[in-house]
Amino acid sequence: MTRFLLLFLLVACTAKADDGYRLWLKYDLIKDAAKREEYARSAQFIAVTGNDPILTSAANELQTGLQGLLGKTIPVVANAGTRTGGIVLTVAGAPQADGQKGAKEGYSITKKTANITIASQSGAGVLYGAFALLRQLQTGQSLNGLSLVSSPKIQHRLLNHWDNTNATIERGYAGESLWKWYELPATVDPRYRDYARANASLGINGTVVNNVNASARFLTAEYLEKVAALATVFRPYGIRIYLSVYFPAPKVIGGLKTADPLDPDVKKWWADKTREIYKLIPDFGGYLVKANSEGEPGPQDYGRNHADGANMLAEALAPYDGIVMWRAFVYKADANADRFKAAYEEFTPLDGKFDKKVIVQVKNGPIDFQPREPFSPLFGNMPKTPLSVEFQITQEYTGFATHWVYEAPIFKECLESDTYVKGKGSTVAKVVDGSLQGYKLTAIAGVANTGSNRNWTGNPMAQANWYAYGRLAWDHTLSAEDIAAEWIKMTLTNEPKAVKTITGIMLRSREIYVDYNTPLGLSRPWAGVHFAPEPWQEKSARPDWTAIYYHRADSIGLGFDRTATGSNALAQYSPEVQQKWNNVETCPLPYLLWFHHVPWTKKLSTGRTLWDELCTRFYTGADSVSWMQQQWAQVKPAIDPEIFADVTGRLVTQQKEAIWWRDAWVLYLQTYSRQPIPAPFKKPERTLDEVKNLVHIYQLR
Ligand code: BDP
């Protein structure tokens, strides 16, 4: 009796509080009984033919999902036979999808009178289809006449984890690394499987498990066994493992005198190492490399270039189905150069020189994951080299785990940017999905925001960024709004008014952040670990790590002149793009200070002067966080109390910090503009020295 009571209490308590662990795969009982009945009529059994382990995952996931959503155990049977009213999983035939490239992983879901059939050419495709069917139920769609066909537009859809051997995560804000290296391979945390399920539900099919600032230890026999244990968990979910490599590994752990990519012993070392890896992990995905970047060693240390380094690794991978992802995130410490131009200058001369197994991984913008950047000029300008795009999901520059910033608009803005390299419509998305320049090898990477926190991402709302990245990696044509609504329904609530309100907050959140953080094209005003404002920062280990290098405030105005009268970085873009951004009169305001040094008194298209416009943005941005709070307060009845309270608390912090950003910027810039804060805004209650002191204290250990 007591045991029964305890069990009851346990179930009652867990049913109530939501700790966020289940992400968007909640599978809570559908409240509407009629709807449940309608779904149940079409899901009386799950029939699986074949014993592909991924098919088993698909059947298991459907069974788990339907159990939760419908409150019934749906039997899994080996063959539908003459039965009707069930779900049939089958690996056969080609889905009639858009584009051939992703066809193998594509799926079709069709509901004929007899059964719902989920078909694909691969087990992974069936798994993606199973998740798509569950999504239909989770978001309350009708199954009548259901006919879905979908194929991924990009071949390799990866998360990049910047995780270290000691459990820390570079730029991680949700606890420690998910990977418990010290326990692996003997102990395998069940959470690894949930990680794989979540990714597979989005169509993510690869993961780089360690930091790009890589430790050579990951290539030791000891660590490879640990990595192999993870690969074993991920494999049934269609997820391949990749490793970031430390370029001088042959020296550090191989005992060689050099890591010169053209040295025969070095080549042999990599070939042997690669063979060792494939013995343990037959479906190993390949290598990610950060070389000659921010102090990381690379081929240039031996007088070689990026292509020499990448091709050497490609050669080692030649016998296998693996690739090299070589990052283009490079810039030299030169006070007179423009960091904006560095990647283009170093990489475009190498176009056509890379092995066919190499893809060059380019950050979305030319600098470094700022809240808003123009697209990188490399896109479209290396027609003979496959390029992938790297986005940052973890919020290094968008307020860590306290600021609510929905990132789909950041990703979309880049993907939809027109490079004009082959005329109008030559979007970054078409460069990346290979359709514009005919690349066969295609990839996309997102720097993960996951960690050991129970809810995975620290801020529960940041789960949406993982979700949105994955959905866009599969299909970049989806809209930020549709993805938001879908995520909310699966994760927070199905109540229509609340869905609308939360979608509204999410869609404005990035613009609000930009307004109080880096409006009108400002960038990189960070102190220390990229959290606090320090636009006055003028000393650092390198000139291009100071704030003044980027904003160039002086008595005349503000902004970085990248036109022909300045660094001429604009010349790296197509003439049509140059034309859009070249003229200070017509340059869109979001990019204004990226490309122009604008006088404080200059009248902008809004009718306000630069100074007044800046103040307006800083103030309305900070005020808009109160709007977010009010909106959030309205959805309280529709949201789990634990999640509601968590987000409410984070918004309080966000508001405080938004005002901090506003005050830091306006008080500092005022020392140059020498103008009052325009009405109706009130001048900050603190002085510049007070804000500086606050930042100083913040940076103390
Ligand atoms: C910067 C991060 C740094 C990363 C680097 C990279 O601050 O921690 O190592 O990007 O992408 O934004 O390599």
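The values are calculated or read from the model by the stated rules, or taken from the named source; none is laboratory data. Computed from a predicted structure; not experimentally measured. All Cβ positions, even for glycine, are placed from backbone atoms using ideal geometry, and neighbour counts span all protein chains on display. Heads up: the accessible areas ignore ligands, DNA and RNA and are worked out on the full protein's heavy atoms, side chains in. Shrake-Rupley method; radii C 1.70, N 1.55, O 1.52, S 1.80 Å.
Can you compute the modelled spin-label distance between Lys180 and Arg454, with each label point 7 Å from Cα toward Cβ, in nm?
1.7
Give the dimensionless ratio obtained when the Cα radius of gyration of the range 109-262 is divided by 2.2 N^0.38 Å.
Rounded to two decimals, the normalised Rg is 1.32.
Once you have the Cα-Cα distance between Glu538 and Gln579, take 0.36 nm times their residue separation minus that, and quote the gain in nm to one decimal.
Working: separation 41, 0.36 × 41 = 14.76 nm, distance 3.26 nm.
Taking 0.36 nm per residue and subtracting the Cα distance, the gain is 11.5 nm.
Averaging sequence separations of C-alpha pairs under 8 Å and six or more residues apart, then dividing by the length of the chain, give the relative contact order as a whole percent.
11
Along the Cα-to-Cβ line of Ala333, 7 Å from the Cα, sits a label point; which residues in the range 289-314 have backbone N less than 20 Å from it?
From the range 289-314, the list is 290-303.
Please work out whether the range 263-304 counts as rounded, prolate or oblate from its C-alpha gyration tensor, where a ≥ b ≥ c are the square roots of the eigenvalues and a/c under 1.5 means rounded, while otherwise a/b larger than b/c means prolate and anything else oblate? Please report the intermediate quantities before stating the final value.
Numbers: a/c = 4.14, a/b = 1.62, b/c = 2.55.
It comes out oblate by the Cα gyration axes.
Would you mind telling me the share, in percent, of accessible area of the range 190-254 contributed by carbon and sulfur at probe 1.4 angstrom?
Solvent-exposed carbon and sulfur of the range 190-254 make up 52 percent of the total.
Under 19 Å from a label point 7 Å along Cα→Cβ of Leu262: give me every residue in the range 299-317 with its amide N that close.
299-316
If a paramagnetic tag sat 7 Å from the Cα of Lys279 along the Cα-Cβ line, which residues of the range 205-230 would have the backbone N under 15 Å from that point?
Answer for this model: 220-226, 228.
Compute the distance from the alpha-carbon center of the range 426-459 to that of the range 477-536, in whole Å.
Taking the Cα centre of each part, the range 426-459 and the range 477-536 sit 18 Å apart.
Taking each full run of DSSP H in the chain as one helix, which ones are at least 27 Å long along their axis (Cα atoms) and have mean Kyte-Doolittle hydropathy of at least -1.0?
Long hydrophobic helices here: 496-517, 610-634, 641-673.
Summarise the accessible area of the range 20-149 (1.4 Å probe, protein heavy atoms) by the percent that is carbon and sulfur.
51
Give me the distance in nm between label points sitting 7 Å out from Cα along the Cα-to-Cβ direction at Lys384 and Arg552, one decimal.
Placing both labels 7 Å along Cα→Cβ, they lie 3.4 nm apart.
Semi-axes of the range 109-149's equivalent ellipsoid from the Cα gyration tensor, sqrt of 5 times each eigenvalue, largest first, rounded to whole Å?
17, 13, 7
May I ask you to give the solvent-accessible area per residue for the range 20-149, in square angstrom, as obtained with a 1.4 angstrom probe?
Accessible area per residue: 43 Å².
Using the Cα atoms of the range 20-149 to build a convex hull, what is its mean projected area in square nanometres?
8.0
R0 = 51 Å: FRET efficiency of Asp28 with Thr565, Cβ-based, nearest 0.05?
0.30
Considering only Cα-Cα distances, which of the following residue pairs are longer than 19 Å: Lys353/Lys384; Lys111/Lys500; Lys35/Lys636; Lys153/Lys430; Lys384/Lys430; Lys384/Lys422? If you can, show how the numbers build up before the last one.
Values: Lys353/Lys384 8 Å; Lys111/Lys500 30 Å; Lys35/Lys636 25 Å; Lys153/Lys430 9 Å; Lys384/Lys430 14 Å; Lys384/Lys422 14 Å.
Distance filter (> 19 Å) returns Lys111/Lys500; Lys35/Lys636.
Return the Rg/Rh ratio of the range 156-481 with Cα-based radii and a Kirkwood Rh.
Here the Rg-to-Rh quotient is 0.94.
For the chain, just say rounded, prolate or oblate: build the C-alpha gyration tensor, square-root its eigenvalues into a ≥ b ≥ c, call rounded for a/c under 1.5, and beyond that prolate if a/b exceeds b/c, oblate if not.
Oblate.
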